[in-house]
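Enquirer: Handing you a structure now.
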Amino acid sequence: MDACAHCAVRESAICHSLSDDKLEELSRFGRRQNVRRGQTLMWEDEESLLVGNVIDGVLKLSASSRNGCDQTLGIAYPSDFIGRPFGRRSYQSVTALTDAQVCTFTRADFDAVAQRNPGLEHKLLQRTLADLDHARQWMVLLGQKSAVERVATFLLEMGSRLGQAGDDDGARGPIEFELPFGRQDIAEVLGLTIETVSRQITKLRGEGLIDTPTKRKVVIRDREALEACADGS
């Protein structure tokens, strides 16, 4: 219970809906697990054994096409829920893009607690619907958007999940964040080449929409214009 009370994502994770006594019940089954960059935590088409909350780091959700190519389906950030509760098989692989920490539960234990707690089941439903919406948006991103639109959309999502407002923040002020992985990983996530990603970042920087003070640091200078770029406006 003490680990749950001091969890960095306690207020935004799916278990936030639980009362203290129910949280204590769930915590008895939880295990903190460190995952190294490149390590696969869950495998597509294998039995669904684990579920969990991302505490730190960024992970990739992917599936394999018939020709064996790896297709990215989405990205899991801190406080996101991963795994397939109430299902016997996993339909996607979960691989760490950075070193990460995950609070994991066996699917059987988590399912049993969820069935006894309607609030947790409700949060699961809400999270599932949100994931479905995001998956549809990702299909549009990979299937219809141009290279610059993909990069702009990616940077906006990173900013919303990992960013902090700058000193002159306001409703539309700048947002700063550190990219958790390199441009090669971004290219693989977006279905582009690393050269294309670099060109689009240079283009957005040249137009004053973003700045890149260091190799990993990004500052979104003009969110409204970047949003318009992401939408193809």
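Enquirer: Checking Arg32 against (1) touching a Cys at 6+ places or on another chain (Cβ under 8 Å); (2) at pLDDT below 90: exactly one of these is not met. Which one?
Expert: (2)
Enquirer: Do the conditions hold for Leu73, that is, is it out of contact with any Cys (no Cβ under 7 Å at 6 or more places or on another chain), touching a residue at least 60 places away in the same chain (Cβ under 8 Å) and either assigned by TED's automatic domain parsing to the domain that holds Leu179 or under 30 Å from Gly182 (Cβ atoms) (or both)? First the steps, then the outcome.
Expert: Numbers: out of contact with any Cys (no Cβ under 7 Å at 6 or more places or on another chain): yes; touching a residue at least 60 places away in the same chain (Cβ under 8 Å): yes; either assigned by TED's automatic domain parsing to the domain that holds Leu179 or under 30 Å from Gly182 (Cβ atoms) (or both): yes.
Here the answer is yes, as Leu73 does meet what is asked.
Enquirer: Continuing with the same structure: Would you check if there is a residue in the range 81-100 being crowded, with 19+ Cβ neighbours inside 10 Å, assigned by TED's automatic domain parsing to the domain that holds Asp56 and at positive phi?
Expert: Within the range 81-100 (the criterion being crowded, with 19+ Cβ neighbours inside 10 Å, assigned by TED's automatic domain parsing to the domain that holds Asp56 and at positive phi), the answer is yes, since at least one residue qualifies.
So that you can scan it fast, the table gives a plain yes or no per residue for (1) outside the structural domain of Ser19 (by TED's automatic domain parsing); (2) closer than 19 Å to Arg161 by Cβ; (3) in contact (Cβ under 8 Å) with a residue 12 or more places away in the chain; (4) under 20 Å from the mean Cα position of the chain (by Cα):
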{"site": "Gln33", "(1), (2), (3), (4)": "no, no, yes, yes"}
{"site": "Thr40", "(1), (2), (3), (4)": "no, no, yes, yes"}
{"site": "Trp43", "(1), (2), (3), (4)": "no, no, yes, yes"}
{"site": "Gly68", "(1), (2), (3), (4)": "no, no, no, no"}
{"site": "Tyr77", "(1), (2), (3), (4)": "no, yes, yes, yes"}
{"site": "Arg107", "(1), (2), (3), (4)": "no, no, yes, no"}
{"site": "Leu120", "(1), (2), (3), (4)": "no, no, yes, no"}
{"site": "Leu125", "(1), (2), (3), (4)": "no, no, no, yes"}
{"site": "Leu129", "(1), (2), (3), (4)": "no, yes, no, yes"}
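Enquirer: Turning to a different aspect of this structure: Kindly check whether there is at least one residue in the range 53-62 that is among the hydroxyl-bearing types (Ser, Thr, Tyr), touching a strand residue (DSSP E or B) at 6+ places or on another chain (Cβ under 9 Å), assigned by TED's automatic domain parsing to the domain that holds Ile14 and touching a residue at least 60 places away in the same chain (Cβ under 8 Å).
Expert: Within the range 53-62 (the criterion being among the hydroxyl-bearing types (Ser, Thr, Tyr), touching a strand residue (DSSP E or B) at 6+ places or on another chain (Cβ under 9 Å), assigned by TED's automatic domain parsing to the domain that holds Ile14 and touching a residue at least 60 places away in the same chain (Cβ under 8 Å)), the answer is no, since none of the residues qualifies.
Enquirer: Within the range 180-233, which helices (runs of 4 or more DSSP H) (wholly inside it) include 2 or more residues that are crowded, with 16+ Cβ neighbours inside 10 Å, touching a residue at least 40 places away in the same chain (Cβ under 8 Å) and of a type in the set (S, T, N, Q)?
Expert: Ranges flagged: 194-206.
Enquirer: Taking interchain pairs and intrachain pairs at least six residues apart, which have beta carbon atoms under 6 angstrom, with the first residue in the range 16-29 and touching a residue at least 60 places away in the same chain (Cβ under 8 Å) and the second in a loop (DSSP other than H, G, I, E, B)?
Expert: Lys22/Asn117
Enquirer: Mind checking which pairs have a first residue in the range 138-160 that is assigned by TED's automatic domain parsing to the domain that holds Leu192 and within 16 Å of Arg205 (Cβ to Cβ) and a second that is of a type in the set (Phe, Trp, Tyr) and buried (at least 16 other Cβ atoms within 10 Å of the Cβ), Cβ under 7 Å, 6 or more apart or different chains?
Expert: From residues that are assigned by TED's automatic domain parsing to the domain that holds Leu192 and within 16 Å of Arg205 (Cβ to Cβ), the pairs are Met158/Phe177; Gly159/Phe177.
So that you can scan it fast, the table gives a plain yes or no per residue for (1) touching a Pro at 6+ places or on another chain (Cβ under 9 Å); (2) surrounded by 13 or more Cβ atoms within 10 Å (Cβ to Cβ); (3) under 26 Å from Gly182 (Cβ atoms):
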{"position": "His6", "(1), (2), (3)": "no, no, no"}
{"position": "Leu23", "(1), (2), (3)": "no, yes, no"}
{"position": "Gln39", "(1), (2), (3)": "no, yes, yes"}
{"position": "Trp43", "(1), (2), (3)": "no, yes, yes"}
{"position": "Pro78", "(1), (2), (3)": "no, yes, yes"}
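Enquirer: Would you confirm, using the coordinates I've provided, whether Ser90 is in contact (Cβ under 8 Å) with a residue 12 or more places away in the chain and hydroxyl-bearing (Ser, Thr, Tyr)? Quick ask: steps written out before the conclusion?
Expert: On the way: in contact (Cβ under 8 Å) with a residue 12 or more places away in the chain: yes; hydroxyl-bearing (Ser, Thr, Tyr): yes.
Against the criterion (in contact (Cβ under 8 Å) with a residue 12 or more places away in the chain and hydroxyl-bearing (Ser, Thr, Tyr)), Ser90 qualifies.
The values are calculated or read from the model by the stated rules, or taken from the named source; none is laboratory data. If you're wondering where the values come from, they're calculated on a predicted model, not measured in any experiment. Neighbour counts run over all protein chains shown; Cβ positions are idealised from the backbone, glycine included.
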